Amino acid sequence: MAMSKRGSKNGFVSVDAVELIEDQAKMAKLKADRLASEGLRAEVHWDDFFSWIQDVSPDKTWDAVLGNPPYIRYQYFDRERRFLAQEIFRKANVKFTMLTNAWVPFVLACVTHLAPGGRIAMCGSF
């Protein structure tokens, strides 16, 4: 998952990326470091998105959000993921249902942090 915000000064691009798989997070960090000389400021977080987003300030927004949400039925969540998913619904003031899928709180959290006029894009299997 990557979220980006174009800085208003100097035209830089700032990216927050969240990756669950350690090797992939390390690879993303190496690539981001190489792009730093071209004006990219990237922070790669090796974490579970549901956990990571809990610590993001409610006032923080991004101009663009890109994501690859998980497609896992709620019944297969472990106890912690269930709690975190419910927290996302609560913070967004949206009624929670156990008929949800993991992509619902994922997208909901992203939309909650989207700046006015921002854009969002998600991968999906169609």
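Taking the stretch 61-79 only, how many residues are out of contact with any strand residue (DSSP E or B) (no Cβ under 9 Å at 6 or more places or on another chain) and touching a residue at least 24 places away in the same chain (Cβ under 8 Å)?
To start, the set of residues in the stretch 61-79 that are out of contact with any strand residue (DSSP E or B) (no Cβ under 9 Å at 6 or more places or on another chain) comprises 75-79.
Narrowing further to those that are touching a residue at least 24 places away in the same chain (Cβ under 8 Å): 77.
Of the residues in the stretch 61-79, 1 are out of contact with any strand residue (DSSP E or B) (no Cβ under 9 Å at 6 or more places or on another chain) and touching a residue at least 24 places away in the same chain (Cβ under 8 Å).
If you go through the stretch 100-120 and keep only what is of a type in the set (A, V, I, L, M, F, W, C) and in contact with a strand residue (DSSP E or B) (Cβ under 9 Å, 6 or more places away or on another chain), you end up with 102, 103, 106, 107, 110, 111, 114, 115, 120.
Residue 62 satisfies every condition listed in (1) of a type in the set (A, V, I, L, M, F, W, C); (2) within 23 Å of residue 101 (Cα to Cα); (3) within 15 Å of the chain's Cα centre (by Cα) except (2). Each residue in the stretch 64-85 was checked for being farther than 14 Å from residue 49 by Cβ and touching a helix residue (DSSP H, G or I) at 6+ places or on another chain (Cβ under 8 Å), and 2 pass.
Considering only residues in the stretch 20-32 that are aliphatic (A, V, I, L, M) and out of contact with any Phe, Trp or Tyr (no Cβ under 6 Å at 6 or more places or on another chain), the one that is surrounded by the most Cβ atoms within 10 Å (Cβ to Cβ) turns out to be 28. For the stretch 21-36, indicate whether the set of residues that are in contact with a helix residue (DSSP H, G or I) (Cβ under 9 Å, 6 or more places away or on another chain) and within 24 Å of residue 125 (Cβ to Cβ) is non-empty. For the stretch 21-36, residues in contact with a helix residue (DSSP H, G or I) (Cβ under 9 Å, 6 or more places away or on another chain) and within 24 Å of residue 125 (Cβ to Cβ): absent. The strands (runs of 3 or more DSSP E) falling completely within the stretch 33-126 that include 3 or more residues that are among the small types (Gly, Ala, Ser) and surrounded by fewer than 17 Cβ atoms within 10 Å (Cβ to Cβ) map to 114-122.
Scoring residue 5 on the criteria (1) at pLDDT 90 or above; (2) surrounded by 12 or more Cβ atoms within 10 Å (Cβ to Cβ); (3) touching a strand residue (DSSP E or B) at 6+ places or on another chain (Cβ under 6 Å) leaves a single failure, condition (1).
The values are calculated or read from the model by the stated rules, or taken from the named source; none is laboratory data. These numbers were taken from a predicted model, which means no experiment stands behind them. Here the Cβ is made from the backbone with ideal geometry for all residues, glycine too, and neighbour counts use every protein chain on show.
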